[in-house]
């Protein structure tokens, strides 16, 4: 009798535990959208409360009424208007108001301009903003294979903040001991880049910067080949970047891949092609627009290794498959696609030295000039 009782209690306990655990993942508040052929698990699973949380801060500033495109050009009236000089005065002022709301709503115009003299060049944010405007035009006019007709504005990344939340710097991890433990290969250091997985962390430097490593590492033959340069370590780096994609877009692997055959492009969803263009775009932006600004930034804006802030997928997407939930902001501000590019312009250290006078109140313009004169004399 005791044996039967014990068995009954054990079965009841196990059943209760199973029900409790199962209850943690009951499909309450969960949506599953089929993305591929039926019966293959090609579906996008989302939790409504997590999706709602992503949209809490998604308050898009209301667009002003369109401005008159007639009248004198901003470049003919104002001084030091290098990339927006082709806009009319009305269009120019309207866009300036919008950029203030998108990037520095609390700081106002003085975030990018010297108070009392908007033509003054001695502030680093003004130099950076010109480069950013050129970058926005490049994205909208040359990378439509990724952004489509929706395009981007300053708000896509900044969302009302001077510095976007989702930026990255090079991070090689803490110094390692010598000998056998000389290197972790970037692994086993919990970090947000790879959603706290034990995979290599600094995936952006490897794949989204200059001289990127290849992402196609799956061999095309059944047996290993002697000339295959990739190994398991490369697969771990690759998987780390894939985890970033998933987290940055709030998406499953099946958004871009047919899990029956990951390398097969023919069987993959169309989003994979869009994502490929996105990877190429981010690399181009980091190399062509963001990295070159390193000499302009004050030290407070640089990373631990002295590099400039850079972009990844989360910079625009912020956890959503479509940035800003598909908000059509560019349609309200087509002036962003009329930015004039400055051919041959490159940031210089002189820009950064002048900028320091605005960033650090302890540094005066006279100090900067004296230091520059001293360096010239010593050289």
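The values are calculated or read from the model by the stated rules, or taken from the named source; none is laboratory data. Note that the structure is predicted; figures quoted are calculated from it, not measured. Glycine gets a Cβ as well: all are built from the backbone with ideal geometry, and neighbour counts include every protein chain shown.
Take residue 304 and decide whether it is in a helix (DSSP H, G or I) and modelled with pLDDT of 70 or more.
On the way: in a helix (DSSP H, G or I): no; modelled with pLDDT of 70 or more: yes.
Criteria not met by residue 304.
Please go through the stretch 95-121 and give me each residue that is free of Cβ contacts under 8 Å to residues at least 40 places away in the same chain, part of a helix (DSSP H, G or I) and within 20 Å of residue 153 (Cα to Cα), ordered by number.
Within the stretch 95-121, 96, 97, 100, 108, 109 qualify.
Yes or no: the stretch 30-49 includes at least one residue that is surrounded by fewer than 12 Cβ atoms within 10 Å (Cβ to Cβ) and in a helix (DSSP H, G or I).
Yes.
What do you reckon, is residue 133 farther than 19 Å from residue 62 by Cα, touching a residue at least 40 places away in the same chain (Cβ under 8 Å) and not in a loop (DSSP other than H, G, I, E, B)? Can you show your working first?
Working: farther than 19 Å from residue 62 by Cα: yes; touching a residue at least 40 places away in the same chain (Cβ under 8 Å): yes; not in a loop (DSSP other than H, G, I, E, B): yes.
The answer is yes for residue 133.
This table checks each residue for (1) closer than 22 Å to residue 164 by Cα; (2) within 24 Å of the chain's Cα centre (by Cα); (3) surrounded by fewer than 17 Cβ atoms within 10 Å (Cβ to Cβ).
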site	(1), (2), (3)
91	no, no, no
94	no, no, no
100	yes, yes, no
109	yes, no, yes
113	yes, no, no
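Does residue 297 meet the test of being closer than 18 Å to residue 164 by Cβ, in a loop (DSSP other than H, G, I, E, B) and in contact (Cβ under 8 Å) with a residue 24 or more places away in the chain? Steps first, answer last, please.
On the way: closer than 18 Å to residue 164 by Cβ: yes; in a loop (DSSP other than H, G, I, E, B): yes; in contact (Cβ under 8 Å) with a residue 24 or more places away in the chain: yes.
Taking the combined requirement at face value, the residue satisfies it.
Looking at 269, 263, which one is surrounded by 15 or more Cβ atoms within 10 Å (Cβ to Cβ) and not in a helix (DSSP H, G or I)?
Values: 263 fails: surrounded by 15 or more Cβ atoms within 10 Å (Cβ to Cβ).
Criteria check complete, one pass: 269.
Residue-by-condition table, conditions (1) surrounded by 14 or more Cβ atoms within 10 Å (Cβ to Cβ); (2) in a loop (DSSP other than H, G, I, E, B); (3) modelled with pLDDT of 80 or more:
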{"residue": "189", "(1), (2), (3)": "yes, yes, no"}
{"residue": "205", "(1), (2), (3)": "yes, no, yes"}
{"residue": "214", "(1), (2), (3)": "no, yes, no"}
{"residue": "226", "(1), (2), (3)": "no, yes, no"}
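May I ask you to verify whether residue 290 is in contact with a helix residue (DSSP H, G or I) (Cβ under 6 Å, 6 or more places away or on another chain) and over 28 Å from residue 30 (Cβ atoms)?
On the way: in contact with a helix residue (DSSP H, G or I) (Cβ under 6 Å, 6 or more places away or on another chain): no; over 28 Å from residue 30 (Cβ atoms): yes.
In short, no.
Just checking, which of 127, 123 is farther than 25 Å from residue 331 by Cβ, buried (at least 18 other Cβ atoms within 10 Å of the Cβ) and in contact with a strand residue (DSSP E or B) (Cβ under 7 Å, 6 or more places away or on another chain)?
Values: 127 fails: in contact with a strand residue (DSSP E or B) (Cβ under 7 Å, 6 or more places away or on another chain).
Only one candidate qualifies: 123.
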